[in-house]
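So the structure is just underneath, and the comments pick up after that.
The values are calculated or read from the model by the stated rules, or taken from the named source; none is laboratory data. Just so we're clear, the structure is a prediction, and the values are computed from it rather than from any experiment. So basically every Cβ, Gly included, is an ideal-geometry build from the backbone, and we count neighbours across all protein chains shown.
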Amino acid sequence: MSKKIRVGILFGGRSAEHEVSLLSAKSIVEAIDKNKYEPVLIGINKSGEWFLHEDMNNCLANSDNAKLIQIHEAKEREKVTVVPRKIGSPLVSLSGHALDRPLDVVFPVLHGTYGEDGTIQGLLKLANIPFVGSGVLASAVGMDKDIMKRLLRDAGIPTAKFITLHSHSYQSVTFEELEAVLGLPFFVKPANLGSSVGISKVKSKQEFTEKVEFAFQFDHKVLIEEFISGREIECSVLGNDAPIASLPGEVIPQHEFYSYEAKYLDDNGALFEIPAKLNEQEIHNIQALSIKAFQVLCCEGMARVDVFLQKDGRIVMNELNTIPGFTKISMYPKLWAVSGLPYSNLIDQLIELALERFQKEQNLKTHITLLGEKLVATYL
């Protein structure tokens with residue numbers, strides 16, 4: 001009998017989305033096929049320390065309330081670090097003892113900064129271990145709304161108008177100048193964050209300064225973005241070289257917009273139409289544009305694509321999320337479920353895509369040697 005595939009589920013992290021990450025990890029642990037996979041839980045606390053968790057029940061609380069879930073740091077729990085080593089043993093404890101068997105693949109469920117922005121992806125790549133989701137480039141670009149929107153715009157994908165402010169110089173831009181370009185209301189967003197953390201809707205000059213300074217608490221770069229009137233549609237994309245798109249779903253916020261509170265703290269914060277009530281042409285257009293955006297940003301594995309569908313049928317791209325929420329009620333897995341791919345099978349496909357990409361990368365030649373008067377590419 002072959003051994004189970006050992007999957008390191010990496011969760012928590014230093015991001016403002018720490019609690020959401022734990023909810024996602026809890027759902028994955030519950031749904032993953034235990035006959036095929038052996039999950040190994042590795043939690044990162046808000047200070048950035050890594051812990052090996054053997055007790056899943058104590059590690060991820062039973063409550064579904066994000067406010068009540070936290071990583072417990074018992075003294076006896078073994079701390080973990082990642083170091084570059086030969087293939088097959090990238091994870092070792094700080095005490096110097098390797099895990100009894102190496103991980104075969106890592107599933108990072110780290111939303112936001114220090115997890116979704118290419119930092120963890122780069123670390124895992126250096127450690128030479130397969131991991132689920134996009135690589136360094138797409139993760140970094142997908143996290144930075146400023147860079148992401150520039151690339152999408154340059155690829156001919158319709159996006160909302162925006163102006164980027166920097167913490168060292170934002171006071172040189174006036175409210176009147178922004179209003180003249182973007183109109184009112186407009187949104188203020190930290191450039192590098194997700195789950196609607198730090199986002200505000202500005203309707204007047206009186207609230208402008210307060211909202212901008214609030215956003216700058218989360219990032220050194222802030223987007224001021226045009227308000228787009230339209231239905232909020234989300235589409236899930238899955239794949240590496242030949243990605244496919246799910247049926248789209250619609251988010252109908254019950255708050256003024258789809259805020260962090262509406263997403264995670266208010267059980268009635270939003271209504272969902274899964275799948276969305278769209279005609280065949282609208283579904284096709286949203287799926288095609290979602291796949292195009294996925295490929296423009298060089299994404300792999302998975303991404304949730306968020307768009308606005310306007311009354312005249314035009315689609316305006318909002319953003320891509322390269323590690324979307326993975327709770328049982330999150331749109332990414334629910335859209336795949338309604339498209340015919342159940343949650344457990346979705347996890348299975350994502351792991352297979354990670355292993356497939358890793359094997360493809362291992363076939364690349366990584367070393368050049370001089371053979372006589374000729375340079376020859378070889379494997380290390």
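Here are a few things to note about the model shown:
- Some residue of the stretch 214-231 being at pLDDT below 90, part of a loop (DSSP other than H, G, I, E, B), over 21 Å from the mean Cα position of the chain (by Cα) and of a type outside the set (A, V, I, L, M): no
- Criterion applied to Ala354, Ala337, Ala293, Ala288 was being among the small types (Gly, Ala, Ser) and in contact with a Pro (Cβ under 7 Å, 6 or more places away or on another chain), and the one residue passing it is Ala354.
- Residues being among the polar types (S, T, N, Q), crowded, with 23+ Cβ neighbours inside 10 Å and touching a strand residue (DSSP E or B) at 6+ places or on another chain (Cβ under 7 Å) - total across the stretch 1-56: 2
- Sub-6 Å Cβ pairs linking a first residue in the stretch 269-288 that is in a loop (DSSP other than H, G, I, E, B) to a second residue that is of a type in the set (S, T, N, Q), at least 6 apart or interchain, are Gly269/Gln254, ordered by first then second residue.
- Residue pairs whose Cβ atoms lie under 7 Å apart, sitting 6 or more positions apart in sequence or on different chains, and linking a residue in the stretch 291-320 that is in the same structural domain as Glu116 (by TED's automatic domain parsing) and in a helix (DSSP H, G or I) to a partner that is acidic (Asp, Glu) and surrounded by fewer than 20 Cβ atoms within 10 Å (Cβ to Cβ), do not occur here.
- Test result for Ile163, assigned to a loop (DSSP other than H, G, I, E, B) and at pLDDT 95 or above: no
- Looking across the stretch 283-340, the residues that are under 23 Å from Phe358 (Cα atoms) and of a type in the set (Phe, Trp, Tyr) come down to Phe294, Phe326.
- For Met331, the conditions (1) touching a Leu at 6+ places or on another chain (Cβ under 8 Å); (2) surrounded by 23 or more Cβ atoms within 10 Å (Cβ to Cβ) all hold with the exception of (1).
Condition check ((1) loosely packed, with under 15 Cβ neighbours inside 10 Å; (2) more than 21 Å from Gly142 (Cα to Cα)) across all residues:
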residue	(1), (2)
Ile163	no, no
Gln171	yes, yes
Phe175	no, yes
Ala180	yes, yes
Gly183	yes, yes
Phe186	no, yes
Lys189	no, no
Val202	no, yes
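- Among the residues of this structure, Arg304 counts as one that is basic (Lys, Arg) and in contact with a strand residue (DSSP E or B) (Cβ under 7 Å, 6 or more places away or on another chain).
- Residues (in a helix (DSSP H, G or I) and under 12 Å from Val188 (Cβ atoms)) located in the stretch 203-213: Glu207, Phe208, Thr209, Glu210, Lys211, Val212, Glu213
- Extreme residue, modelled with the lowest pLDDT, among residues of the stretch 92-111 that are closer than 15 Å to Met302 by Cα and part of a loop (DSSP other than H, G, I, E, B): His111
- Residue list for the stretch 186-203, filter: out of contact with any Asp or Glu (no Cβ under 9 Å at 6 or more places or on another chain) and either under 30 Å from Ser339 (Cβ atoms) or at pLDDT 95 or above (or both): Ile199
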